[in-house]
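Structure first, commentary second.
Please treat every number below as a calculation from the coordinates, not as lab data. Note that the coordinates shown come from a computational prediction; the quantities given were computed from them, not determined experimentally. In this analysis, Cβ positions are derived from the backbone assuming ideal geometry, glycine residues included, and neighbour counts consider all displayed protein chains.
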Amino acid sequence: MSSEPVETVEWQGRQVPVWSMRTIDYGLLLSQDPAEVEKVTKACLEDGYFQLDLDSIDGRRMLEDRESVLKLMDRFFSAPLEAKNEYGLIDSHLGYEPVGNRTGAFGPGSKDGYEMLKVSRDEIQQGAPRVPSPIKNSPDLHLLEQAIGSCNTVTKVILSALSTGMNLSGAERFENKHRNDRPSTTTLSMMHYLPAEITGQHKIGHQKHTDISSLTLLFSDQWGLQIRPPGECGAKEMGFVAPKKGCAFVHVGDSLRFASGMKFQSCIHRVVPFNPTEHRYSIAYFLRAEDDTMFMDSEGRYVTAKDWHDQKFKAFTDPWMYQALAPKSMILGGMTEAGADDPEGPVPAYAPAPVEVELKA
């Protein structure tokens, strides 16, 4: 199976799995190649995630846009807090979030260790985005527009292939619930994870969760992303995803799982400080269904895509004690898991020493 570990890596004094996964060829998906359509559909049915190979004539524009956004992020996140936080968090899917607004990677006692800028696709399309001045009054705004356009095209190609793979037609096809001219909370999120020596040992990583999105297109060259593969007897243990050159990591979010009648898996994941001394950057495009799209969630409730987004975002920002009282269907999208993520005890201190990636078969 694609989720069987073929190697491990040392992290926090123990060997942790590096989970393997299917790699999907974007160029073949663009051509609706039957074998590749079947492959991506199977990946979503069995795993809920895959690597998307963009290193071809059809995908290299996306890779170039990604490089431009990384340079933009370096400029933006180096600006003074007052400039970055000009608007603050305007809405749950757009604006700036400073470090420490959410629960961290290690539950009680930890806060997140990243700052984030979220840009609404709808506002970019309408030509009136609310973004801080360092971006709006520079060529960076055009770079964001190009990147969002590329991400939207890539995720729509995947969505169309999944509709075909699930034998959907007409209005039932997934892409007909993700039309470009209808309001949605689709957003491009740019995340900067700060070194532990800046944030302190209790502001680290990103908590375990499933995404609100239909599809998430994620880019990062640095280690830190962990996933929990689904399994027949509950989910397997958390393990790392190895960054792969020329590829994006794609995973299924709650909305697409709901839209598939719970046939697709939703990816349980988190981000941990693999190397606590580095600045880590990641770019995530969250393709989300039109606001008024109705589906049944994992508790049998009928909710709109917008309602689900707002409820789950509130759960993300709630203190951990309230999260613990909420049904798991909110943070984990109703996915089943079993087993502890980490050794019992307090959040460990992170010594400021570089980490070498040494894989063991």
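Worth pointing out:
- Counting Lys and Arg as +1 and Asp and Glu as -1 over every other residue whose Cβ lies under 14 Å from the Cβ of Asn180, the net charge comes to -1.
- Calculated [222 nm] ellipticity per residue, helices only, for the chain: -8500 deg cm²/dmol; basis is -39500 (n - 2.57) per DSSP H run with n ≥ 4, divided by all residues, nearest 500.
- DSSP H segments from the chain that extend 30 Å or more along their own axis, Cα-based, with Kyte-Doolittle mean of -1.0 or above: 140-165
- Considering only Leu194, Cys44, Gly170, and ranking their Cα positions along the charge dipole of the chain that arises from unit charges at the beta-carbon of Lys, Arg, Asp and Glu, the one farthest toward the positive end is Gly170.
- Förster-model FRET efficiency, 51 Å R0, Arg173 and Leu325, C-beta, rounded to 0.05: 0.85
- Sorted ascending by nearby beta carbons within 10 Å, beginning with the fewest, Asp33, Asp74, Asp254, Asp65 become Asp74, Asp33, Asp65, Asp254.
- Choice from Ala128, Ala147, Ala105 with maximal GNM fluctuation in the chain (Cα, 10 Å cutoff): Ala128
- Label separation (Thr304 vs Arg182): 1.2 nm, computed from points 7 Å beyond Cα along the C-beta direction.
- Gaussian network model of the chain, Cα within-10 Å springs - most flexible of Leu215, Leu81, Leu141: Leu81
- Tensor-based shape of the chain (alpha-carbon gyration tensor, a/c under 1.5 rounded, otherwise prolate or oblate): rounded
- Within the chain, longest stretch clear of exposed GluC sites (Glu not before Pro) (DSSP loop, no more than 14 other Cβ within 10 Å): 1-298
- A full extension of the chain between Glu7 and Gln125 corresponds to an added length of 38.1 nm, given 0.36 nm per residue minus the alpha carbon distance.
- Ordered by the count of other Cβ atoms within 10 Å of each Cβ, fewest first, Lys263, Lys203 give Lys263, Lys203.
- Once both labels are positioned 7 Å from their Cα atoms along Cα-to-Cβ, the gap between Ala35 and Glu197 label points is 5.1 nm.
- Result for the chain in a Gaussian network model with C-alpha springs under 10 Å: among Ala324, Ala242, Ala196, the largest mean-square fluctuation is at Ala324.
- Projecting the Cα atoms of Ile135, His209, Gln226 onto the charge dipole of segment 5-290 (Cβ charges, centred on the Cα centre) puts His209 farthest toward the positive pole.
- The overall shape of segment 142-273, judged from the alpha-carbon gyration tensor, is oblate: a/c is not under 1.5, and a/b is no greater than b/c.
- Lys, Arg +1 and Asp, Glu -1 on Cβ, resulting dipole of the chain about Cα centre, debye, nearest 20: 320 debye
- Extended-chain gain in nm, criterion 0.36 nm per residue less alpha-carbon gap, Lys314 and Ile57: 88.4 nm
- Taking a ≥ b ≥ c as the square roots of the eigenvalues of the Cα gyration tensor, segment 1-151 is oblate, since a/c reaches 1.5 or more and a/b is not larger than b/c.
- Neighbourhood charge, 11 Å Cβ-Cβ cut-off, centred on Ser31 and excluding it, Lys, Arg +1 and Asp, Glu -1: -4
- For segment 224-229, Karplus couplings with θ = phi - 60° (6.51, -1.76, 1.60), whole Hz, Gly/Pro x: x, 6, 10, 10, 10, x
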